[in-house]
Amino acid sequence: MSVKKEASGRRSIQVEVEVPGTPEEVWQAIATGPGISAWFVPTEFEERDGKPVAAKLTFGPGMESRSVVTAWDPPRMIAREADGWAPGSPPIATEFTVEARAGGVCVVRVVNSLFASTDDWDKQLEGAESGWPGAFRVLRIYLTHFRGLRSAMMQVMAPAAGTRKEVWATLTAALGLNGVGAGQRWTAPAGVPALGGMVEHVNDSPCGVLLRLDKPGPGTAALYIMTIPGSVIAVFNFYLYGEQAAGTVARETPLWQAWIQKRFPMPTEPGKSE
């Protein structure tokens, strides 16, 4: 992890990914509400005189972030600024750029930056740096296989007792994912709501797996363990695509909520992150 520090006090991280598509197609995915919602989190833009002025991103129940659009140069660059990620932290800027390359691909680059005179907030930037690659894998799958399709997101999460690795071991055993690697086809065992497709990526640290789905419909599923102070949380993010996506989410959400709550009943002690 590397936070770039400048004499002005600006501190920043940068992450990039190569994706298929024209600049205009990629721009739709990284600078519109429906586009961002298809691979990241549900997003809505506020517009004035036909231009976006602010964005609201919903990361989970009660976890909303509003950012002001500070620069808009389609299909090349969009920048936003939001309140800091923690009480007392400085405002955080997020800048996306799209750069066309030969062969029908583009490079998407994100820069998160803030101004500070101390190292107090560097870990937040490092956390963003470690989180973007996973989101960009979903973006690449979306632009490769589902570009331009309607999308609907289903997020299911539950706090779990135990360490991050213990919770991940429980989850992968229940889903029949033990020993499954990237490039393998996989189907969830009996007793699990319909789920199956291709394993695209597996992470041991942080713990997670990325699936390109055939069941319950065309889409992507990012299954991972999230840690926050005092809690370990199992998280399932499903991105479903096509005309049936919204109906599939409505049908499957209660099934997955019941499954994860049964598998991970409310812990009696705070989880541990190690």
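The values are calculated or read from the model by the stated rules, or taken from the named source; none is laboratory data. This structure is a prediction, so every number in the text was calculated from the model and none was measured. Cβ atoms come from the backbone with ideal geometry, glycine included; neighbour counts cover every protein chain shown. Side chains are part of the model used for accessible areas, which takes the heavy atoms of the whole protein and leaves out ligands, DNA and RNA. Shrake-Rupley method; radii C 1.70, N 1.55, O 1.52, S 1.80 Å.
Just one of VAL138, VAL107 is in a strand (DSSP E or B), at negative phi and open to solvent by less than 60 Å² (accessible area, probe 1.4 Å); which is it? Quick ask: steps written out before the conclusion?
Numbers: VAL138 fails: in a strand (DSSP E or B).
Going through VAL138, VAL107 in turn, just one is in a strand (DSSP E or B), at negative phi and open to solvent by less than 60 Å² (accessible area, probe 1.4 Å): VAL107.
Within region 73-83, track down each residue that is within 19 Å of GLN14 (Cα to Cα) and in contact with a helix residue (DSSP H, G or I) (Cβ under 8 Å, 6 or more places away or on another chain).
Those that are within 19 Å of GLN14 (Cα to Cα) and in contact with a helix residue (DSSP H, G or I) (Cβ under 8 Å, 6 or more places away or on another chain): ARG76, ILE78.
Could you pull out every one of the strands (runs of 3 or more DSSP E) wholly within region 163-274 that has 3 or more residues that are on the phi < 0 side of the Ramachandran plot and of a type in the set (A, V, I, L, M, F, W, C)?
Answer list for region 163-274: 196-204, 207-215, 219-228, 231-241.
Conditions tested, residue by residue: (1) touching a Ser or Thr at 6+ places or on another chain (Cβ under 6 Å); (2) among the aromatic types (Phe, Trp, Tyr); (3) in a loop (DSSP other than H, G, I, E, B); (4) open to solvent by less than 30 Å² (accessible area, probe 1.4 Å).
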| site | (1), (2), (3), (4) |
| --- | --- |
| PHE96 | no, yes, no, yes |
| ASP119 | no, no, yes, no |
| ALA128 | no, no, no, yes |
| TYR142 | no, yes, no, yes |
| ALA158 | no, no, no, yes |
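Give the residue that is surrounded by the most Cβ atoms within 10 Å (Cβ to Cβ), with candidates limited to residues of region 236-256 that are of a type in the set (Phe, Trp, Tyr) and touching a helix residue (DSSP H, G or I) at 6+ places or on another chain (Cβ under 7 Å).
Checked region 236-256; the qualifying residue surrounded by the most Cβ atoms within 10 Å (Cβ to Cβ) is TYR239.
Among the residues of region 49-80, which ones are of a type in the set (Asp, Glu) and either under 26 Å from VAL156 (Cβ atoms) or crowded, with 17+ Cβ neighbours inside 10 Å (or both)?
Once the filter is applied, which keeps residues that are of a type in the set (Asp, Glu) and either under 26 Å from VAL156 (Cβ atoms) or crowded, with 17+ Cβ neighbours inside 10 Å (or both), region 49-80 yields only GLU64.
Among the listed residues ARG263, ARG185, identify the single one that is out of contact with any His (no Cβ under 8 Å at 6 or more places or on another chain), of a type in the set (Lys, Arg) and either modelled with pLDDT of 95 or more or surrounded by fewer than 15 Cβ atoms within 10 Å (Cβ to Cβ) (or both).
Checking each option against the conditions leaves just ARG185.
Since PRO206 meets every condition but one in (1) touching a Phe, Trp or Tyr at 6+ places or on another chain (Cβ under 9 Å); (2) at pLDDT below 95; (3) surrounded by 20 or more Cβ atoms within 10 Å (Cβ to Cβ), which condition does it not meet?
(3)
Give MET63, MET77 a once-over and let me know the one that is modelled with pLDDT under 95, of a type outside the set (D, E, K, R) and within 24 Å of ARG137 (Cα to Cα).
Only one candidate passes the filter, namely MET63.
Quick one: count up the residues across region 8-23 that are within 12 Å of ARG147 (Cα to Cα) and either assigned to a loop (DSSP other than H, G, I, E, B) or out of contact with any Cys (no Cβ under 7 Å at 6 or more places or on another chain) (or both).
Number satisfying all stated conditions: 3.
THR170 passes all but one of (1) over 20 Å from the mean Cα position of the chain (by Cα); (2) over 19 Å from ILE228 (Cβ atoms); (3) modelled with pLDDT under 95; (4) open to solvent by 40 Å² or more (accessible area, probe 1.4 Å); which number fails?
(2)
Can you pull out the residues in region 26-80 that are in a helix (DSSP H, G or I), under 14 Å from the mean Cα position of the chain (by Cα) and touching a residue at least 12 places away in the same chain (Cβ under 8 Å)?
Answer for region 26-80, where residues must be in a helix (DSSP H, G or I), under 14 Å from the mean Cα position of the chain (by Cα) and touching a residue at least 12 places away in the same chain (Cβ under 8 Å): ALA29, ILE30, ILE36, SER37.
Please find, within region 1-19, the residue that is modelled with the lowest pLDDT out of those that are loosely packed, with under 13 Cβ neighbours inside 10 Å and closer than 30 Å to GLY103 by Cβ. Even if it seems obvious, please write down each step before you answer.
Just the residues of region 1-19 that are loosely packed, with under 13 Cβ neighbours inside 10 Å, to begin with: 1-2, 4, 6-9.
With the extra rule that they be closer than 30 Å to GLY103 by Cβ, the set shrinks to 2, 4.
Numbers: SER2: 85, LYS4: 94.
Here the answer is SER2.
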